[in-house]
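Written below as structure tokens is the structure these notes are about.
The values are calculated or read from the model by the stated rules, or taken from the named source; none is laboratory data. This is a predicted model, so every value here is computed, not measured. Methodologically, a virtual Cβ is constructed for each residue, glycine included, from the backbone with ideal geometry; neighbour enumeration extends over all protein chains shown. Calculation scope for accessible area: heavy atoms of the full protein, side chains included, ligands and nucleic acids excluded. Shrake-Rupley method; radii C 1.70, N 1.55, O 1.52, S 1.80 Å.
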Amino acid sequence: MARDLSARQARRIALAAQGLAARRPEGPAKRRDLRKLADRLGAIQIDSVNVLARAHYLPAFSRLGVYPLTLLEDEAWGKRPSLFEYWGHAASLMPLALQPLLRWRMTRTRGMRDGHWGSFALERRNYIGQVLAEVERRGPVTGGDFADGPRKSGWWNWSHGKHSLEWLFAAGLIATKTRRGFERVYDLIERVIPATVLDRPTPDEADAHRALLMIAARAMGVATEGDLRDYFRLPVVETRARLADLIAAGELQLVDVEGWRQRAYLVADAKAPRRLAACALLSPFDNLIWRRERTERLFGARVRLEIYTPAHKREHGYYVLPFLLGESIAARVDLKADRKARRLLVQAAHLEPGADRAAVVPCLAGELARLANWLSLNEVAVFKKGNLAAALRHELGWTAACPAQPRVR
């Protein structure tokens with residue numbers, strides 16, 4: 001028999017699971033804090049948009065506050081990394097311990113059972129083999145090293161060489177050693193992933209799916225089948241079967257959440273915190289809001305990525321960060337880093353319906369100043385667009401100097 005949860009309990013469980021319920025640590029976060037967070041989240045999405053900061057840097061700031069950007073880079077691409085790149089939710093940074101759990105996906109790619117890559121791999125099998133041999137001979141390479149024509153942007157304009165590298169990456173034969181700007185630098189997987197990880201046994205597909213579902217469940221606290229499947233983009237039929245296994249083993253519980261149409265799954269030891277101290281700007285690619293319909297179920301807020309929406313049709317702006325206050329999405333701000341002028345531009349600021357303006361404004365102003373300082377920007381400039389802009393401008397002034405704090409780059 002399913003247990004009943006109120007909408008508020010579900011929301012609080014979800015925030016606690018994501019590391020967004022408690023106050024952030026005092027002072028700059030340290031390496032152990034970042035590693036612990038990566039273990040909690042399971043995956044951190046990578047995205048190329050750099051209008052504010054690349055998406056993979058922001059979830060740690062939202063949960064831990066100020067930390068050196070180089071710390072994440074060291075954990076991902078340094079000499080002794082704790083993270084690796086692969087296809088998790090999307091392109092993601094994940095703890096090295098997850099690498100064996102994703103080998104089933106690599107095996108499917110190598111077996112031409114991946115619809116995205118299958119036809120290309122069949123048509124270019126010999127050429128892909130030549131690219132792999134060249135990586136083995138030359139060491140770290142980029143897509144540009146195999147360009148067979150003018151370099152173009154967008155994956156649909158990739159050269160055959162870049163396509164081959166991406167197939168080899170998906171197949172687990174090469175890995176991302178580092179990045180130059182945002183460009184991947186590839187090398188043989190055995191020259192990137194530590195031998196202590198590669199030597200671990202490969203679990204069978206069912207065991208890997210169960211483990212990934214439990215990582216997703218712990219990261220979300222309470223979630224529907226669709227939510228859990230989406231976290232690591234798992235296949236439908238297999239997900240359903242593995243969830244039944246986890247229910248039978250007592251690792252997950254079935255629950256009915258107030259207002260949710262679908263039955264949900266609850267981690268057996270999940271609890272709703274009595275107090276929440278969240279005050280955080282969320283990247284458009286933050287784990288909490290990956291699945292838009294879940295965001296709407298949890299917060300009653302319709303959050304959409306408007307980057308690809310024509311400008312005249314955008315509701316809140318181009319690169320919009322929801323502002324989490326307590327247990328509510330209370331505002332949204334369209335942000336841009338003007339690096340040349342060293343200013344954080346608040347291009348639009350919108351208060352959510354029902355949110356307390358008097359409570360939101362000082363908290364949001366403080367968070368914007370903290371964000372600007374973290375990004376080594378000297379001022380916050382608030383433009384006039386949005387129903388919260390005037391109050392925020394009054395709180396900060398049109399331009400506000402950021403607090404004098406040590407730079408963290």
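The residues of the range 325-343 that are in contact (Cβ under 8 Å) with a residue 60 or more places away in the chain and open to solvent by less than 40 Å² (accessible area, probe 1.4 Å), listed by number, are 327, 335, 337.
So, residue 69, is that one surrounded by 14 or more Cβ atoms within 10 Å (Cβ to Cβ), under 25 Å from residue 42 (Cα atoms) and in contact with a strand residue (DSSP E or B) (Cβ under 8 Å, 6 or more places away or on another chain) or not?
On the way: surrounded by 14 or more Cβ atoms within 10 Å (Cβ to Cβ): yes; under 25 Å from residue 42 (Cα atoms): yes; in contact with a strand residue (DSSP E or B) (Cβ under 8 Å, 6 or more places away or on another chain): no.
Judged against the criteria, residue 69 is not a match.
Would you confirm, using the coordinates I've provided, whether residue 180 is open to solvent by 10 Å² or more (accessible area, probe 1.4 Å), modelled with pLDDT of 95 or more and of a type in the set (D, E, K, R)?
No; evaluated as a whole, the condition is false for this residue.
Only one of the numbered conditions (1) touching a strand residue (DSSP E or B) at 6+ places or on another chain (Cβ under 6 Å); (2) closer than 20 Å to residue 40 by Cα; (3) not charged (D, E, K, R) is violated by residue 52, and that is (2).
Quick check on this structure: which one of 175, 244, 217 is within 30 Å of residue 10 (Cβ to Cβ), outside any loop (DSSP other than H, G, I, E, B) and either of a type in the set (Phe, Trp, Tyr) or within 21 Å of the chain's Cα centre (by Cα) (or both)? Result of the check over 175, 244, 217: 217. Among the conditions (1) over 23 Å from residue 308 (Cβ atoms); (2) in a loop (DSSP other than H, G, I, E, B), the only one that residue 48 does not satisfy is (1).
If you take the residues in the range 77-92 that are free of Cβ contacts under 8 Å to residues at least 60 places away in the same chain and within 16 Å of residue 180 (Cα to Cα), which one is surrounded by the fewest Cβ atoms within 10 Å (Cβ to Cβ)? Talk me through it step by step, then tell me what you get.
To start, the set of residues in the range 77-92 that are free of Cβ contacts under 8 Å to residues at least 60 places away in the same chain comprises 78-83, 91-92.
Among the residues that remain, those that are also within 16 Å of residue 180 (Cα to Cα) are: 78-79.
Values: 78: 14, 79: 5.
Among residues in the range 77-92 that are free of Cβ contacts under 8 Å to residues at least 60 places away in the same chain and within 16 Å of residue 180 (Cα to Cα), the one surrounded by the fewest Cβ atoms within 10 Å (Cβ to Cβ) is 79.
Against the list (1) in contact with a strand residue (DSSP E or B) (Cβ under 9 Å, 6 or more places away or on another chain); (2) open to solvent by 30 Å² or more (accessible area, probe 1.4 Å); (3) modelled with pLDDT of 95 or more; (4) not aromatic (Phe, Trp, Tyr), the condition residue 305 fails is (3). Taking into account only those residues within the range 14-47 that are among the small types (Gly, Ala, Ser), in contact with a strand residue (DSSP E or B) (Cβ under 9 Å, 6 or more places away or on another chain) and in contact (Cβ under 8 Å) with a residue 60 or more places away in the chain, which is farthest from residue 266 (Cα to Cα)? Once the filter is applied, the top-ranked residue is 43. In summary, residue 187 fulfils each of the numbered conditions (1) assigned to a strand (DSSP E or B); (2) open to solvent by less than 60 Å² (accessible area, probe 1.4 Å); (3) touching a residue at least 60 places away in the same chain (Cβ under 8 Å) with the single exception of condition (3).
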